[in-house]
Amino acid sequence: MRSAWKLLWAAALATASSACMRAQVTQERIEESLGPTFANLVHVQEPLLGQPPVAAATLKASASCRKVGPVPGNRGAGAWKCTVTWFTVNGTPLRDEYDLSVGMDGCYTATVDGAQLGGPTLHGPGGGDVPNLLYVFDACFDTT
Amino acid sequence: MQLLSLVDGPQALRDALLTPPLVAWHGLFAAPRYVGPLERGLLTSAVYAVVFLGAAILGDRRREPSP
């Protein structure tokens, strides 16, 4: 009887600890959020620049991320570095680096690392400046 | 609660806080949309409401003399 209770306690503890240790901010979740968010922003940005609209799905944007810093394991809030791979309408593959600051609530700020996508503003079709949506953007993902 | 919600803690602890639900609406405006944090937040808020309202009602009843 006593060993049965011990077993029950062990099972309960194991379940509780595994539920506790489950990470909320993971590499997979960030990658699954960043790729589609980037594609959605390209979709919004193109008409602003006087270009024909591009469907987000045709860009086939995907992200590959790694955590920056001394904490081992690719999970947890903090600084992350991501590479977004996407394809132009012509099928040319492009890669862009992003620095991410990820919060515990699953919201992050992504800032482009490099000049390939331009600065904070771009020249619009009317000669005025339009904000570069891909320069820095905020997004959130499900942490549950 | 605010400080605890900012640090990298276990999910069970986050579920017990009232501050993460304050930003749970973000999921409604994301593409694709998600409601996981909102559902958990509603449950947490409901538990807090029941426990503390219950305690308040019980305390109030004890204090007032019954007619």
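Read-outs throughout are calculated quantities, based only on the coordinates presented, and are distinct from any laboratory measurement. Note that the structure is a prediction, hence the values are computed from the model and not measured. Heads up, the Cβs are rebuilt from the backbone with ideal geometry, glycines too, and the neighbour counts pull from every protein chain shown.
Miscellaneous remarks
- Residue order, fewest to most surrounding Cβ atoms within 10 angstrom, among A:Leu117, B:Leu43: B:Leu43, A:Leu117
- Close amide-amide hydrogen proximity is noted between A:Gly124 and A:Asp129, A:Val130, each under 5 Å apart and 5 or more residues distant or on a separate chain (H modeled in the peptide plane; Pro and chain starts excluded).
- Placing unit charges on the Cβ atoms only, positive for Lys and Arg and negative for Asp and Glu, gives the protein assembly as shown a dipole magnitude near 1000 debye about its Cα centre.
- In this rough spin-label picture, where each label sits 7 Å from Cα along the Cβ direction, the A:Leu48-B:Trp25 distance is 2.3 nm.
- Across all Cα pairs in chain B, the calculated P(r) in 10 Å bins from zero up to the longest distance comes to 19, 36, 24, 13, 7, 1 percent per bin.
- Rounded to whole Hz, the Karplus (6.51, -1.76, 1.60) HN-Hα couplings of the range A:34-40, x for glycine and proline: 5, x, x, 5, 4, 4, 4
- Relative to the longest principal axis of the Cα atoms of chain B, the long axis of helix B:36-63 makes an angle of roughly 10 degrees.
- ³J(HN,Hα), Karplus 6.51/-1.76/1.60, whole Hz, each residue of the range A:102-119, x for Gly, Pro: 9, x, 5, 7, x, 9, 9, 10, 10, 10, 6, 10, x, 9, 4, 9, x, x
- Taking A:Phe137, A:Phe87 and counting other C-beta atoms within 10 Å, the order from fewest to most: A:Phe87, A:Phe137
- Karplus-derived HN-Hα couplings along the range A:61-74 (A = 6.51, B = -1.76, C = 1.60, θ = phi - 60°), whole Hz, x at Gly and Pro: 6, 9, 10, 10, 10, 9, 7, 9, x, x, 6, x, x, 8
- Counting beta carbons within 10 Å around each of B:Arg14, B:Arg40, B:Arg33 and listing the fewest first gives the order B:Arg33, B:Arg40, B:Arg14.
- Under a 5 Å amide H cut-off, with hydrogens placed 1.01 Å from N, A:Asp113 pairs with A:Glu97, A:Tyr98, A:Asp99 among residues at least 5 apart or on other chains.
- Estimated Rh, the protein assembly as shown: Kirkwood, alpha-carbon pairs, angstrom: 20.3
- Under 5 Å between amide hydrogens, built in the peptide plane, is the criterion, and for A:Cys107 it picks out A:Phe141 among residues at least 5 positions away or on other chains.
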